[in-house]
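The values are calculated or read from the model by the stated rules, or taken from the named source; none is laboratory data. Predicted, not measured: the structure shown is a model, and the values here were computed from it. Every residue, glycine among them, receives a Cβ derived from its backbone with ideal geometry; neighbour counts consider all protein chains shown. Quick note on the areas: whole protein, heavy atoms, side chains included, nothing else; ligands and nucleic acids left out. Shrake-Rupley method; radii C 1.70, N 1.55, O 1.52, S 1.80 Å.
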Amino acid sequence: MPATGEADRDRPAEIEFTESAFLDERQTPQSRTSVSTGAGSQAAENAVEVSVVIPCLNEANSIGFCVEKAMNAFRAAGLRGEVVVADNGSTDGSVEISRHLGARVVAVPQRGYGSALRAGIAAASGAFIVMGDADDSYDFSEVPRFVAEWKQGSDVVMGNRFRGEIKPGAMPWHHKYIGNPGLTALLNLFFHAGIGDSHCGMRGFTRDVYERMNLRSTGMEFASEFIIKAAQLGAKITEIPITLFKDKRGRPPHLRSFRDGWRHLRFMLLYAPNWLFIFPGAALVAFGLFLVFWLLPGPRMISHRITLDVHTMIFGVIFTLLGIQIISIGSFAKVFSYAERFDHNTVSLKRVLKRVTLEMGLLVGGGLFLVGFAGCAWITYRWAASGFGPLEQVRQVLFWAMWLFVGVQVIFAAFFLSMLGISRGTYIGDYDLK
């Protein structure tokens, strides 16, 4: 099959199956044959440069085009390459087509886009890996362009469909104008990735940077985790314009727009505790404290019809306590992600944790508790001295009780933070992990 030409993209694959065309899946990665020449010495077989990994689930209509284009690209560019099809349980002949065309098929029992890719990448032999979808929406004859960027020093080479071309009917309008741009903007805001098309399915990367990512996603959020980890590691990321074609799957897509969009958004939020917890919590604390201190002297008249009094001050106390609780949860999430190696960008967190110990947390919390307790005790004493009549100092009770409650929260949060560290062999104030 020719590697280029839109007319050729629509030509059905003509395949004759022969027993001798099937590859032996029992071969080890070191003994698999390079397809750049079809034959060669054992040394050449052991030196696969590039692996193309294609996740597949019932893609008989299109997998042949993908495999053949990749094979032709290897030959045309003189690359020692292989095609690895990570099959997720196909029952439509995709496996036989892939093997017949020279691809090595890896069976992946665990369902999911991420699961298939992780298994395929683990089985690949190349130092540089190019992944792409099996529906022929990406042109695998472009593989040499990705390889060229790698040889110029890039760790990750991303395809960018928006800088290239999106053929009519290749992408739904809500993906093109809302979903992809929106999720890419959030990913860049949260993680400073500087990517223009974070969900492009065709991307290349070195084995070294991939292994350092320690990716864990099993579903579509694999694409987001990949960029997040690459950005956190400081990998050199390059984008090249590519074309997205209308797929040849001949069936409804596996992708579900809103379900998978939510999975990407959820994943990004879980990997960004500052944006999910710390910043919203700090905003609540700031607003709550503003209301408390503003209303502590007495009522505030906004207009001749609106006066804010002690009832609004109660909400200020609630906002403050709620904000402190959210910040505490964010702190738990950050320490957990650090201890479990979810977050590779931990320079600022390490600086803080070296100074913030359990004892410091207990001192701060205990101090706030004692201040609040002393204020409440003084008001209770004066109330008792007046014969337990009407309590006129409601504002002061709210003010001092707030600090008492904040102190209690800080004390228990400090203990729990320390427990998170202890359970993983790390301690608050002792985070120099090897």
Worksheet item: Which condition number in (1) without any contact (Cβ under 8 Å) to a residue 60 or more places away in the chain; (2) open to solvent by 40 Å² or more (accessible area, probe 1.4 Å); (3) closer than 29 Å to residue 47 by Cα is the one that residue 108 fails?
Response: (2)
Practice prompt. Report yes if residue 378 is touching a Cys at 6+ places or on another chain (Cβ under 7 Å) and either open to solvent by less than 30 Å² (accessible area, probe 1.4 Å) or modelled with pLDDT of 90 or more (or both), otherwise no.
Written response: no
Item to complete: Considering every residue within the range 149-163, establish whether at least one is small (Gly, Ala, Ser), open to solvent by 10 Å² or more (accessible area, probe 1.4 Å) and in contact with a Ser or Thr (Cβ under 8 Å, 6 or more places away or on another chain).
Response: no
Discussion item. Every residue in the range 74-93 that is surrounded by fewer than 24 Cβ atoms within 10 Å (Cβ to Cβ) and more than 20 Å from residue 111 (Cβ to Cβ), please.
Written reply: 75, 76, 77, 78, 79, 80
Worksheet item: Only one of 222, 140, 162, 226 is aromatic (Phe, Trp, Tyr), in contact with a strand residue (DSSP E or B) (Cβ under 7 Å, 6 or more places away or on another chain) and under 26 Å from residue 73 (Cβ atoms); which?
Response: 140
Practice prompt. Go through the range 386-409 residue by residue and tally those that are over 18 Å from residue 313 (Cα atoms) and either open to solvent by 80 Å² or more (accessible area, probe 1.4 Å) or in a loop (DSSP other than H, G, I, E, B) (or both).
Written response: 5
Worksheet item: Restricting attention to the range 205-255, which residues are crowded, with 16+ Cβ neighbours inside 10 Å, at pLDDT below 90 and part of a loop (DSSP other than H, G, I, E, B)?
Response: 215, 217, 218, 219, 220, 221, 247, 248, 249, 254
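Based on what the data block shows, is residue 147 β-branched (Val, Ile, Thr), within 17 Å of residue 59 (Cβ to Cβ) and out of contact with any Pro (no Cβ under 9 Å at 6 or more places or on another chain)?
Taking the combined requirement at face value, the residue does not satisfy it.
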Practice prompt. Mind counting the residues in the range 92-111 that are more than 14 Å from residue 48 (Cα to Cα) and under 31 Å from the mean Cα position of the chain (by Cα)?
Written response: 10
Worksheet item: Does the range 284-295 contain at least one residue that is in contact with a strand residue (DSSP E or B) (Cβ under 9 Å, 6 or more places away or on another chain), open to solvent by 40 Å² or more (accessible area, probe 1.4 Å) and not in a helix (DSSP H, G or I)?
Response: no
Item to complete: Those residues that are surrounded by fewer than 20 Cβ atoms within 10 Å (Cβ to Cβ), out of contact with any strand residue (DSSP E or B) (no Cβ under 8 Å at 6 or more places or on another chain) and among the aliphatic types (A, V, I, L, M), I need them from the range 303-316; list them, please.
Response: 306, 310, 314
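Taking residue 124, is it farther than 16 Å from residue 241 by Cβ and aliphatic (A, V, I, L, M)?
yes
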Practice prompt. Go through (1) open to solvent by 60 Å² or more (accessible area, probe 1.4 Å); (2) within 48 Å of the chain's Cα centre (by Cα) one by one and return the number of the condition residue 383 breaks.
Written response: (2)
Worksheet item: Does the range 111-123 hold any residues that are surrounded by fewer than 23 Cβ atoms within 10 Å (Cβ to Cβ) and not small (Gly, Ala, Ser), and which are they?
Response: 111, 118, 121
Fill in: Residue within the range 191-199 that is in contact with a helix residue (DSSP H, G or I) (Cβ under 7 Å, 6 or more places away or on another chain), farther than 19 Å from residue 140 by Cα and not in a loop (DSSP other than H, G, I, E, B) present
yes
Discussion item. Restricting to the range 125-136, count the residues that are open to solvent by 10 Å² or more (accessible area, probe 1.4 Å) and over 23 Å from the mean Cα position of the chain (by Cα).
Written reply: 3
